[in-house]
Structure formats: C-alpha cells, structure tokens
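See structure below.
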Amino acid sequence: MRNALTRAAFGLAMASLAPLGHAHAIAGDRVFPATMAVDDPGVGDELDFQFGHIRTPNDDGSSTSVNSTSVNYAKTITSNLAISVGTNYTTQRSAGDPTVKGLDNLGLGIKYMVYVNPVHEFMLSVGVDSDIGGTGSKAIGSNYSTYTPTIYAGKGFGDLPDALRWLKPVAITGTLGQQYASNSSVPNAVNWGMTLQYSLPYLQSFVKNIGLSKPFANMIPVIEVAMSTCTSGSCSGHTTGTINPGVIWESRLGQIGLEAQIPANSASGHGVGVLVQTHFFFDDIFPRSVGKPIF
Amino acid sequence: MKNFRFFSLAFRSRLSLIAFSILCVASIGQAFAHAQPETQSPMAGTVIKAPTEVRITYDEALESAFSSLVVSDAQGKQVNNVKAEVDGATHKTMHVSLPALPAAVYQVKWVAVADDGHRTQGSYKFTVK
Ligand SMILES: [Cu+2]
C-alpha cells in the first residue's frame with residue numbers, strides 16, 4: 001500500500017487527537033463544555049458521537065479523504081475518577097486506490113480530577129489514554145498499542161476585575177500528553193491542544209444580559225487547536241494538526257457542536273475539514289442510575 | 001457483534017444519527033439536571049430603580065432546603081433581611097424580597113441544588129440608580 005507509513009503516522013496522530021472521555025466540568029460559576037478536538041479538563045458520565053471529514057496529504061503530493069465516525073462513552077467510578085471506552089469507523093479514499101475502511105482500535109482511558117478552584121474557575125486533571133493494538137480491523141487499526149499520559153487544565157476568567165467584564169466569559173483549556181507506542185519503530189509524539197472559548201450563557205447570566213434569545217443564549221463560540229509533535233525517529237520535531245473554529249450549543253441534557261478543521265501547516269493537509277458532535281450528559285439524563293458514580 | 005453493525009450503520013446514515021441525537025436532546029423531558037438560570041430579575045449588569053425583589057427562574061426544579069440566593073452590597077454585607085424562597089408550585093423559581101435599596105452596586109449570589117443533588121452556582125451584579 002502506498003504511503004502506508006505516512007498513513008499509519010497520520011492515523012496515529014488522528015487517533016491520539018480523538019477525544020477520549022468528556023465531562024460535565026464545573027468550577028465555580030464556570031461550566032467547561034465538552035470540546036471536540038481537545039478533551040475538556042473534567043470527568044463525567046457521558047456519551048459522545050462525532051463525525052469528522054478531512055483531507056490528509058500523501059508523500060507524493062496526492063491526498064486522501066478521511067471520514068471518521070467515532071463514539072466514546074465515559075463512566076465515573078468515583079466523582080473524581082472516570083474510565084472511558086471508544087472507537088471509530090474510518091473510511092479513507094484516495095484517487096486510483098481502493099477505498100480502505102474499517103473499525104479502528106479500541107481506545108481506553110482513565111482520568112482523575114486532581115484539583116478544582118471555584119473562585120478562580122480552575123480545573124486540573126491527569127489521565128492516560130490508550131489505543132489497544134490489534135483490536136480494530138486490519139485495514140485501519142494498527143497492530144501496536146499507544147499510551148498517552150496526559151495533563152488536562154481549564155481556566156475561566158470570571159475572576160477578572162469589572163473593568164474587564166466583557167472578558168469574563170472567556171475560558172481557555174489545554175491538554176499536554178506524551179504518546180508512547182508499544183512498537184519501538186513507531187515514533188513517539190507529544191500531543192498538545194488548546195481551546196479558546198467565549199461562553200454566551202456566562203455573559204448573559206453572570207456578566208450582562210444583552211438580550212440574546214435562544215438558541216444564541218446557549219451558544220459557546222470556540223477555537224480549538226489540536227496538534228501532535230513527533231519526538232523520535234525521522235519525523236522528530238515535525239508538527240501536524242488542525243485549528244478548528246466553531247460553535248457549541250449547550251442544553252440541559254446534551255450539546256451539539258460544529259467546527260471547521262483547518263490544517264495548521266501543509267504537512268497537516270489541504271482544504272478545510274469538518275467536525276460534528278452530539279454529546280449526552282448521562283449524569284443529567286440518568287442521574288440515579290448509570291449517570292452517577294459507582295462509589 | 002451488535003455494536004459493530006451499529007457503528008457501520010451509524011457511518012452510513014450519520015446524518016440521520018445526528019438528527020436523531022438532536023431529537024433526543026430536545027425531547028427527553030422529565031430528567032433532572034444541573035440547574036441553570038433561564039430568566040433573572042433584575043438581569044445581570046443592568047442599571048435600574050431599586051427592585052423590591054430578586055427572582056431567578058431555572059430550567060430545573062430546585063431542592064429548597066439546599067438552594068440559596070443572597071444579595072450583598074459592595075462591602076460584601078448581606079442586604080436581604082429574609083431568606084430566599086423557592087416557589088412551591090413549580091420549584092423552579094427562587095426569589096428573595098429586598099428592603100429599600102440606596103443607589104449602589106449590588107451582587108447576587110445563588111446556589112441551586114437540583115432534585116437529584118446536582119449543584120450549580122452563579123453570581124452577578126446590578127446597579128441601583
Ligand atoms: Cu450535569
């Protein structure tokens with residue numbers, strides 16, 4: 001198969017960027033939404049569906065169209081500790097080649113919320129995301145596993161002075177993870193992401209009601225930056241990823257998101273992709289059964 | 001193997017999946033959740049004549065024993081002399097009566113505990129002219 005290594009590397013990057021576990025993350029007045037390309041800093045009970053489309057470059061200058069439908073379920077063990085399981089079904093089409101499609105490897109994750117500061121709307125979690133080699137289809141899933149210890153942080157700016165009140169609805173989140181592969185010939189990578197959010201519900205309810213009506217009063221415009229920097233092998237130092245502007249619409253029991261995926265550099269692709277999310281808060285839909293911590 | 005079939009089905013008809021999901025979000029009616037304010041009086045950031053009460057209506061029923069609403073002045077001193085009450089019929093509105101307030105900036109702080117114990121909080125300011 002042409003460019004098998006490129007595709008494997010890209011698949012690795014894509015898989016590691018796919019969010020593994022989302023949360024109903026509350027710090028003081030702040031609710032961090034479940035962002036799409038970068039995992040939020042909280043732990044929670046939730047079910048997430050995402051569809052993504054993007055074109056990825058091959059070595060010879062041609063490109064492959066990648067469609068991916070992913071599902072992820074996160075379950076709290078205690079109120080601070082959650083495990084998650086997920087996978088995705090991927091189709092890769094490139095001109096002149098047969099279409100490659102199948103189920104990707106099973107992703108397993110564990111995440112622990114270390115610290116929450118309600119006054120400063122700050123949240124910190126640590127976790128490990130993993131992809132279990134050989135659990136997906138031969139065409140899509142790699143035969144090696146990856147493990148990514150990751151730090152997740154979020155900060156809302158509701159603690160700014162009133163002179164800067166229009167910035168109070170702003171929040172940033174970030175993730176930083178070092179990815180290791182079980183196959184020593186596969187390069188390691190640092191997966192890093194950032195989001196910049198402006199919460200219109202926060203503006204309306206806590207800063208100044210500017211008279212927005214639904215659905216705009218429930219919207220959170222967001223820019224996500226999801227990147228992977230190769231740290232070993234011949235790709236060492238190379239960074240690929242996407243910059244995703246979009247919007248998240250939040251309701252009581254779930255949220256819907258839509259983002260463009262803009263390749264961050266030419267190695268990351270050409271043309272704008274898309275990411276669509278539907279996300280259910282199980283802690284709110286089933287608060288007395290599957291939506292509450294086991295302990 | 002059921003799941004595997006579901007994934008490929010989801011892939012083939014992802015648009016209907018998304019539509020279905022939107023429907024689910026919109027239609028699950030009687031669950032409980034993290035209560036968020038739907039309407040507030042006075043509204044956040046407004047400049048108004050002295051209000052006689054603060055009234056917030058949430059999108060969820062509240063547990064009155066654990067929910068609270070306090071109004072304080074710029075020095076942080078509580079200005080409401082009575083406790084906030086949760087409306088007995090809908091359980092969704094929390095309100096507190098206010099004494100005559102002089103012109104100043106005031107802060108509302110609320111804690112809303114939904115029926116299932118989920119807790120949310122919020123704070124905002126209004127100005128009496
Ligand atoms: Cu919730």
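The values are calculated or read from the model by the stated rules, or taken from the named source; none is laboratory data. Keep in mind it's a predicted model, so treat the numbers as computed, not measured. Reconstructed Cβ throughout: ideal geometry from the backbone, glycine too, with neighbour counts over all protein chains shown. In case anyone asks, the SASA skips ligands and DNA or RNA and just uses the protein heavy atoms, side chains included. Shrake-Rupley method; radii C 1.70, N 1.55, O 1.52, S 1.80 Å.
Some observations on this one:
- Residue that is most open to solvent (accessible area, probe 1.4 Å) [pool: residues in the stretch A:179-205 that are touching a Phe, Trp or Tyr at 6+ places or on another chain (Cβ under 8 Å) and over 30 Å from A:P169 (Cβ atoms)]: A:Y180
- Whichever residue in the stretch B:108-129 is polar (S, T, N, Q) and in contact (Cβ under 8 Å) with a residue 24 or more places away in the chain and, among such residues, is most open to solvent (accessible area, probe 1.4 Å): B:T127
- So A:I294, is it assigned to a loop (DSSP other than H, G, I, E, B), away from chain B (no Cβ under 14 Å), more than 16 Å from the ligand (Cβ to nearest atom) and closer than 24 Å to A:I26 by Cβ: yes
- Residues located in the stretch A:10-38, provided they are open to solvent by 10 Å² or more (accessible area, probe 1.4 Å), assigned to a loop (DSSP other than H, G, I, E, B) and either among the aromatic types (F, W, Y) or modelled with pLDDT under 50 (or both): A:A18, A:P19, A:L20
- Condition check for A:G241: away from chain B (no Cβ under 14 Å) and on the phi > 0 side of the Ramachandran plot: yes
Residue-by-condition table, conditions (1) at the interface with chain B (Cβ under 9 Å from one of its Cβ atoms); (2) closer than 30 Å to A:S65 by Cα; (3) within 16 Å of the ligand (Cβ to nearest atom):
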| residue | (1), (2), (3) |
| --- | --- |
| A:V247 | no, yes, no |
| A:R252 | yes, no, yes |
| A:Q255 | yes, yes, yes |
| A:E259 | no, yes, no |
| A:N265 | no, yes, no |
| A:G273 | no, yes, no |
| A:F281 | yes, no, yes |
| A:V290 | no, no, yes |
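- Considering residues of the stretch A:193-216 that are within 24 Å of the chain's Cα centre (by Cα) and part of a helix (DSSP H, G or I) only, the residue farthest from B:T46 (Cα to Cα): A:F216
- The requirement of being over 17 Å from A:V31 (Cα atoms), away from chain B (no Cβ under 14 Å) and touching a strand residue (DSSP E or B) at 6+ places or on another chain (Cβ under 7 Å) is not satisfied by A:C235.
- Within the stretch A:90-167, strands (runs of 3 or more DSSP E) holding 1 or more residues that are closer than 28 Å to A:L200 by Cα: A:106-117, A:122-132, A:146-156
- Every test in (1) away from the ligand (no atom under 16 Å from the Cβ); (2) under 13 Å from B:I56 (Cα atoms); (3) touching a Leu at 6+ places or on another chain (Cβ under 7 Å) is passed by B:A112 save one, and that test is (1).
- The residues of the stretch B:77-107 that are within 14 Å of another protein chain (Cβ to nearest Cβ) and either farther than 18 Å from B:A44 by Cβ or touching a residue at least 60 places away in the same chain (Cβ under 8 Å) (or both) amount to a single one, B:K92.
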